[in-house]
1. Out of (1) out of contact with any Pro (no Cβ under 6 Å at 6 or more places or on another chain); (2) of a type outside the set (Val, Ile, Thr); (3) more than 26 Å from ASN20 (Cα to Cα), the odd one out for GLY121 is which?
2. Need pairs with beta-carbon distance below 9 Å; first residue on the phi > 0 side of the Ramachandran plot and within the stretch 23-51, second part of a helix (DSSP H, G or I) and exposed (fewer than 13 other Cβ atoms within 10 Å of the Cβ); sequence gap 6+ or separate chains.
3. Is it fair to say GLN29 is surrounded by 12 or more Cβ atoms within 10 Å (Cβ to Cβ) and out of contact with any strand residue (DSSP E or B) (no Cβ under 7 Å at 6 or more places or on another chain)?
4. Provide a single number: the residues in the stretch 24-79 that are touching a His at 6+ places or on another chain (Cβ under 7 Å) and farther than 23 Å from GLN149 by Cβ.
5. For the stretch 3-14, enumerate the residues that are in a loop (DSSP other than H, G, I, E, B) and surrounded by fewer than 20 Cβ atoms within 10 Å (Cβ to Cβ).
6. List the pairs whose first member sits in the stretch 75-86 and is more than 15 Å from TYR140 (Cβ to Cβ), whose second member is aromatic (Phe, Trp, Tyr), and whose Cβ atoms are under 8 Å apart, counting only residues at least 6 apart or on separate chains?
7. Quick check on my filter: what residues within the stretch 73-113 are under 22 Å from PRO57 (Cα atoms) and in a helix (DSSP H, G or I)?
8. Which number in (1) touching a residue at least 12 places away in the same chain (Cβ under 8 Å); (2) under 16 Å from VAL152 (Cβ atoms) marks the one condition that ASP17 misses?
Amino acid sequence: MIIKNIFDPVVVDALIDRINNLTPDTRPQWGKMTADQVLAHLNVSYIMTYESTIPKPNWLMQLVLKTVVKQKVVGPTPYGRSTPTAPAFKMAGTKDFNEEKLKLVAYLQRVAQDGAQKFDGRSSHSFGPLTTAEWNNMFYKHLDHHLTQFGV
């Protein structure tokens, strides 16, 4: 897997094209989430980055996340098909497909507009300060994983 630059507007446009190929009826090639749920799931990363509506983990959980999970999330290795999902990312019930899609597109455009420099050393919700490369890896490979899951 080549991890593309999420801060590049051309890459963001290509991701948005992929998102626009999703429909409410698109079925996953693996996993249990529906298309509306995956869009809501993908939005969680950006909600954690830009909003304060999801509580941060306590100090003990942050320690566990930094020592056990961080490298899997921000490193270059792609996610496997059966990668566990953190509780905040689990989706149940029906979501508004169009609303979730619009939110995701807006978040991607915001990341590109903010640019890499705004993320260098920025503290993440769960892992503390990250490099620009770590932010890029985390954002891009999560999107690519789930868009591939849905065949787009």
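Each value in this text was obtained by applying a stated rule to the coordinates, not by laboratory testing. Remember, it's a predicted structure, so these values are computed and weren't measured experimentally. All Cβ positions, glycine included, derive from the backbone under ideal geometry; neighbour counts span all protein chains shown.
1. The one condition GLY121 does not meet is (1).
2. Close Cβ pairs (under 9 Å, with a partner that is part of a helix (DSSP H, G or I) and exposed (fewer than 13 other Cβ atoms within 10 Å of the Cβ)) do not exist here.
3. No.
4. 1
5. ILE3, LYS4, ASN5, ASP8
6. Within 8 Å, the pairs are ARG81/TRP30.
7. Once the filter is applied, which keeps residues that are under 22 Å from PRO57 (Cα atoms) and in a helix (DSSP H, G or I), the stretch 73-113 yields VAL73, VAL74, PRO87, ALA88, PHE89.
8. Evaluating ASP17 over (1) touching a residue at least 12 places away in the same chain (Cβ under 8 Å); (2) under 16 Å from VAL152 (Cβ atoms) leaves (1) as the failure.
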